Each structure stands twice: as structure tokens, then as C-alpha cells.
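J.: The structure that follows is given in the form of C-alpha cells.
The values are calculated or read from the model by the stated rules, or taken from the named source; none is laboratory data. Owing to the predicted nature of the structure, the values given are computational and were not obtained by experimental measurement. With ideal geometry, Cβ positions are generated from the backbone for all residues, glycine too; neighbour counts draw on all protein chains shown. Surface areas here come from the heavy atoms of the whole protein model, side chains and all, with no ligands, DNA or RNA. Shrake-Rupley method; radii C 1.70, N 1.55, O 1.52, S 1.80 Å.
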Amino acid sequence: VNSRMSGDLSLDINIKEPRWDQSTFMGRAQHFFFVTDPRNILKSSKTLEDARVTVENYRLGVVRPGLTEDELWRAKYIYDSAFHPDTGEKMVVVGRMSAQVPMNMTITGCMLTFYRTTPAVVFWQWVNQSFNAVVNYTNRSGDAALTTNQLAAAYVSATTGAVVTALGLKSLAKRLPAVMSRFVPFFAVAAANCINIPFMRQRELKYGIPVTDENGNRLGESVTAAKSGIIQVVVSRIGMAVPAMAIPPVIMNALEKKAFMKVMLQQPWACCLVFATPLCCALFPQKSSMTVSSLEPDLQERIRQNSPHTTTVFFNKGL
């Protein structure tokens, strides 16, 4: 890697931010279509490392000769798909948002197919919530890690709470029309998200997440910001489940005796995940903001003393 010479790529490109305007839904959708692209999980370790080096060197003012703007943005999105925005650590493959579509298509198909018996419900809810626990921890906000004991306690609490919720809903469904029982997986997933995400990100709720000014200068940690971010993530995750889990039951119930057609129709709805994942991630900006007056009183006071001109703070809400 060589330092920038005359004729090389300009250093004025702001790759700290996404390529598209994040104040609009369409801009955020374009951004997340690249971040959640399932093909990203097929990238080799070398490709990921090359992308990391390209991005980090560019931020330091070092440009590889011949690097084009499109290549830089491509490297940035490969980097964003695999490395945590706060810690910079490489994320475990199944926890990356680019793994959401293939993993959820597989798990959702099994949950919609094997929903009649209690053992099947327990097993597939446990599989789903174990996967969600990995995703929730991997995409948490902030740069503070949980200890092994905290992580184990969070995992057990999240998965147990979610499975118990699913069983309770399954029991309730016995008193409802047959078509309603098909919605058990969706309602269970929706309720479980409300349990799993806060548990796996409980450290944020206890100690807060980093908040910065518009220039990225860290101003402190806020529990209020953590709560706001977690609520937004819960809403987004429930939205992701709607196309694949809330719509097919109606069709599948009508085609109960037409097995071939039922199988054929499952696939297009499952493919909705390809679009549901980035579109629901785009519901809220990943770099969220709050007014200083909305923060905890002690943090407000600290910010007024150390950065009196700051009226709005920013934070990574997680995904």
C-alpha cells in the first residue's frame, strides 16, 4: 500500500457514513440492501481482510494506486457486512445481517411445517431463539463485551422466555379456529423478540451505550439511548417476520389438501425475506439521534459542561 500520489483517488469521500442519504427511507433501504446481501457471507477471509485494509487505510489518508471510487465503496460495504461498527471486530458468520435471509428461510420453513406437536414447537423455537440470540449479541450497540457468565445468563433467559411464550401461545391456539393455529409461529416470534433482544443486550440497559456529537466525539453513555435503540430493533425484527410468517398461513390453510401447491407457494413467500430484511432494517437510521434534553439528567449536565454547543447526540442503535 502506497501513500496517495497525484492522480490517485480523492481523500474527500466520507466513508464513515453510508453512500446514500440516511435521512430518507429509500437511502437507508439502498444502504441495507448492500449490507444484508446474502452473497456477502460467501466472501473469503482474504477478501474481507483486503476490504478492511482498504477502508482503514483510506481513513488514514493512504490510498492504493489505481483504486477507484466504486471499488472503495464496494470495499466499505464488504467491510460493513462483516465487521462491527463500534468494536471493529469481525463478526461470527451466522450473526451477520447478511446471513439473515438464508438462516431465516430455513428456520421459518421448519417452524411453519412442524407446528402441530409440542416437541416440534419447543425444538424449532429453541433453534430460532438460539439463532436470534447470536444475531442480537453480534449486532449489539456499543463496544463493551459481556462476560462469559453474563452471556450465558442472557442466552438462557432469552431462549427460555421465548420457548415458554411459544408454548403458551400454542396452548391458547387450541381454543381458536384452525387457521389461527398457523399464526402461532409468527406471534411466538414477535413475542420472543420482545424478550430475546433486551436480554441479550441487557448490559446496554444497565450501563448505557456510547453517545457522540456530530463529529463522532464520545460524550458519555446513555441508558435512555439504549432503550430507544432496542425498541427500534424489536419493531424492525417483528417486521422482518411478517412476509414469511404472517401471510403464508392464510394461503397454506386454504391449500391444506393440495400438498404440491402448498410447497410451491412456500418458496416465493420465503423469498420475501430477501426484501423484508433490508427494508425493515431501513425503518430507522442505524445512526440514531436524540436531543440532549431527552437524556438522563446527569449526562445532560456533563454534556452542557464539556460540550455546551451540542444539542443533539448520536448513537448506533444496533441491528
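J.: Just to be sure before I move on: is Phe114 under 15 Å from the mean Cα position of the chain (by Cα) and aromatic (Phe, Trp, Tyr) in the structure I sent? Walk me through how you get there before you give the answer.
T.: On the way: under 15 Å from the mean Cα position of the chain (by Cα): no; aromatic (Phe, Trp, Tyr): yes.
No; evaluated as a whole, the condition is false for this residue.
J.: Out of all the residues in region 38-66, which are closer than 17 Å to Ser98 by Cβ and small (Gly, Ala, Ser)?
T.: Ser44, Ser45, Ala51
J.: Still on this model: What is the residue count in region 146-168 for residues that are touching a residue at least 24 places away in the same chain (Cβ under 8 Å) and over 18 Å from Ala191 (Cα atoms)?
T.: To start, the set of residues in region 146-168 that are touching a residue at least 24 places away in the same chain (Cβ under 8 Å) comprises 146, 150, 154-155, 157-159, 161-163, 165-167.
Keeping just the survivors that are over 18 Å from Ala191 (Cα atoms) gives 146, 150.
Residues flagged as touching a residue at least 24 places away in the same chain (Cβ under 8 Å) and over 18 Å from Ala191 (Cα atoms) within region 146-168 amount to 2.
One line per residue, one yes/no per condition, for (1) part of a strand (DSSP E or B); (2) aromatic (Phe, Trp, Tyr); (3) touching a Lys or Arg at 6+ places or on another chain (Cβ under 8 Å); (4) under 16 Å from Thr312 (Cβ atoms):
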position	(1), (2), (3), (4)
Asn215	no, no, no, yes
Thr224	no, no, no, yes
Gly229	no, no, yes, yes
Gln232	no, no, yes, no
Ala241	no, no, no, no
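J.: Here is a follow-up. Mind counting the residues in region 23-37 that are more than 26 Å from Pro102 (Cα to Cα) and in contact (Cβ under 8 Å) with a residue 24 or more places away in the chain? Give the derivation first.
T.: Going through region 23-37, the residues more than 26 Å from Pro102 (Cα to Cα) turn out to be 23-24.
Next, from what is left, pick out any that are in contact (Cβ under 8 Å) with a residue 24 or more places away in the chain: 23.
Residues flagged as more than 26 Å from Pro102 (Cα to Cα) and in contact (Cβ under 8 Å) with a residue 24 or more places away in the chain within region 23-37 amount to 1.
J.: Return the only residue of Val223, Val189 being open to solvent by 30 Å² or more (accessible area, probe 1.4 Å), touching a residue at least 60 places away in the same chain (Cβ under 8 Å) and among the aliphatic types (A, V, I, L, M).
T.: Exactly one of Val223, Val189 is open to solvent by 30 Å² or more (accessible area, probe 1.4 Å), touching a residue at least 60 places away in the same chain (Cβ under 8 Å) and among the aliphatic types (A, V, I, L, M), namely Val223.
J.: Exactly one of these conditions fails for Lys46: (1) within 24 Å of the chain's Cα centre (by Cα); (2) open to solvent by 50 Å² or more (accessible area, probe 1.4 Å); (3) over 23 Å from Gln125 (Cβ atoms). Give me its number.
T.: Lys46 satisfies all of (1) within 24 Å of the chain's Cα centre (by Cα); (2) open to solvent by 50 Å² or more (accessible area, probe 1.4 Å); (3) over 23 Å from Gln125 (Cβ atoms) except (1).
J.: Same structure, new question: Kindly provide the set of residues from region 194-213 that are part of a helix (DSSP H, G or I), open to solvent by less than 10 Å² (accessible area, probe 1.4 Å) and of a type in the set (A, V, I, L, M, F, W, C), ordered by number.
T.: If the condition is that a residue be part of a helix (DSSP H, G or I), open to solvent by less than 10 Å² (accessible area, probe 1.4 Å) and of a type in the set (A, V, I, L, M, F, W, C), then Ile197, Met200 are the ones that fit.
J.: Conditions first: (1) open to solvent by 60 Å² or more (accessible area, probe 1.4 Å); (2) modelled with pLDDT of 85 or more; (3) small (Gly, Ala, Ser). Ser6 passes all but one, so which condition is the exception?
T.: That leaves (2) as the condition not met.
J.: Among the residues of region 84-93, are any assigned to a helix (DSSP H, G or I), surrounded by 14 or more Cβ atoms within 10 Å (Cβ to Cβ) and in contact with a Phe, Trp or Tyr (Cβ under 8 Å, 6 or more places away or on another chain)?
T.: no
J.: When region 284-303 is examined, which residues are found to be exposed (fewer than 14 other Cβ atoms within 10 Å of the Cβ) and among the charged types (D, E, K, R)?
T.: From region 284-303, those exposed (fewer than 14 other Cβ atoms within 10 Å of the Cβ) are 291, 293, 297-298, 301; that's our starting set.
Answer for region 284-303, where residues must be exposed (fewer than 14 other Cβ atoms within 10 Å of the Cβ) and among the charged types (D, E, K, R): Asp298, Glu301.
J.: Considering region 23-42 alone, what residues qualify as being crowded, with 17+ Cβ neighbours inside 10 Å and either touching an Asp or Glu at 6+ places or on another chain (Cβ under 6 Å) or part of a loop (DSSP other than H, G, I, E, B) (or both)? Let's see the steps before the verdict.
T.: In the first step, residues of region 23-42 are kept if they are crowded, with 17+ Cβ neighbours inside 10 Å; the result is 28-38, 40-41.
Correct list: Val35, Thr36, Asp37.
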